[in-house]
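Okay, structure first, notes after.
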Amino acid sequence: MDFQTKVELPTGMPPVTHAGQILLMGSCFAENMGLQLMENKFKIDVNPFGILYNPLSVFAALIEVLKGKEYQQDDLFVYKNYWHSPMHHSSFSASTQEETLRNINARLQQAHQSIHELDWLILTFGTAYVYEQKGTGKVVSNCHKQPESYFTRRLLSVDEIVGEYVSLIASMTARNSNLKLLFTVSPIRHIRDGLHANQLSKATLLLAIARLQQQFPEHVFYFPSYEIVLDELRDYRFYADDMLHPSSLTVRYLWERFSEVFFSMETKQIIMAVKDICQDLAHKPFHPHSEAYQRFLGQIVLKIERLNRKYPYLDFQKEKELCRIRLNP
C-alpha cells in the first residue's frame, strides 16, 4: 500500500555542479536551499538584499545588482532610531546611516562582481501580494514595521509579473548564453487574508512562471517545492510550531528531492566526501594535544588536499585554517 502521493519530478534538467556559480534570491526557501548548498561547498551567493517575498522586489533587486548600484543617503529613511532601506530586509538596518550604507553596498558589490558569470539564478517567489508606498506608488520589499496606513496592499496580476521578467531574462541570457534560471514557489503559507487568498497568490505565481517557461524553454526551469510540501508531506508534523513554515525535517526532504533532479553521481560523491571531512572536524577529542589526535588532523588535511587536487574550485580555506590552529595550539 502507498500512503503518499508522489510529485512527479522534472527530468532531463541541466545539472547543478560545484564548478558553477549560483545566485539564490527570494523567500525563505532560497535561504534554506542556499544554506544546504553552502555547507556542501557549492559556489553560491544568497539574498544580497536579504529575504524578498514578491516577484517585483526580486526583479528590482536584480536590476540593481546588474547595474552595480551604490546606495546613497537619499535611498534610506529613518524610523524608530534605525536607518532602513525599503529595498532591503531589516538585517541590513543599523542605528547609523553610515553603517547601513556599508552593510548594503558591500553585499551589493559582491553580488555584482559575479552576476554576469552565473551558471544558475535560482529565484523563489513567496507571495503575489505587494505593498506600495502611498506617496510614491513604489513597491517596497520590507515595510520595516511602519504603520499599515503608509501603504496600499494589492495582488499582482500574471501579466505584470511576466511583463517585467521577459525583458530581464532576454537581456541576461543574451549576454550569458549559459545562464539557467530556476524558479520555485515557497511552500510557506501567507494567510493574512485567509487561506483562499493565499491560494490565489500562489496560483498567480505558478501561472506567471509557467508563462516564462513557455517563452524561454531553454533557459527557464521550475522545481516543485510548493507541490512537494503540499502533496507529499501533507501533515502538520512537517511544519514548524507556527504551522506555516516548513520544519527542519521538511527542508532536509526538499534537499533530497532537489538532489534527485539536479545532481549527477559525481556531484553526489563530492557531497559525501565533503560531509566526511566536516564530520571528522566536528569530532571532539578527549585529548586534543595527543599524538593520535594530531595524526587524525593530519589525515583530514590529506583528505582536503586530495579532494582539492581533483576539484580545485572547492573552497576549504576555513577547514584548513581550523586544522592548522589545532595542529599548532
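The values are calculated or read from the model by the stated rules, or taken from the named source; none is laboratory data. Keep in mind that this is a model prediction, so the values were computed, not measured. Positions of Cβ are backbone-derived with ideal geometry, glycine not excepted, and every protein chain shown enters the neighbour counts. Note: areas computed on protein heavy atoms with side chains; ligands, DNA, RNA excluded. Shrake-Rupley method; radii C 1.70, N 1.55, O 1.52, S 1.80 Å.
Taking the conditions exactly as written (buried (at least 22 other Cβ atoms within 10 Å of the Cβ), on the phi < 0 side of the Ramachandran plot and either assigned to a helix (DSSP H, G or I) or in contact with a Pro (Cβ under 9 Å, 6 or more places away or on another chain) (or both)), does Leu205 satisfy them or not? Yes: the conditions hold for Leu205.
Can you tell me which residue in segment 302-329 is surrounded by the most Cβ atoms within 10 Å (Cβ to Cβ), limited to those that are aliphatic (A, V, I, L, M) and touching a residue at least 24 places away in the same chain (Cβ under 8 Å)?
Residues of segment 302-329 that are aliphatic (A, V, I, L, M), as a first pass: 302, 304, 307, 314, 322, 325, 327.
From what's left, touching a residue at least 24 places away in the same chain (Cβ under 8 Å): 304, 307, 314, 322, 327.
Details: Ile304: 21, Leu307: 18, Leu314: 19, Leu322: 14, Leu327: 13.
This residue is Ile304.
Across segment 83-100, the qualifying residues are those that are more than 27 Å from Thr124 (Cβ to Cβ) and touching a helix residue (DSSP H, G or I) at 6+ places or on another chain (Cβ under 8 Å), and the one among them that is least open to solvent (accessible area, probe 1.4 Å) is Gln97.
Residues that are outside any helix (DSSP H, G or I) and of a type in the set (S, T, N, Q) occur at least once in segment 74-92. Filtered by the rule that a residue be more than 24 Å from Gly126 (Cβ to Cβ) and either open to solvent by 30 Å² or more (accessible area, probe 1.4 Å) or among the charged types (D, E, K, R) (or both), segment 51-81 gives Lys67, Glu70, Gln72, Gln73, Asp74, Val78, Lys80, Asn81.
Sub-7 Å Cβ pairs linking a first residue in segment 262-274 that is without any contact (Cβ under 8 Å) to a residue 40 or more places away in the chain to a second residue that is crowded, with 18+ Cβ neighbours inside 10 Å and part of a helix (DSSP H, G or I), at least 6 apart or interchain, are Ala273/Leu307, ordered by first then second residue.
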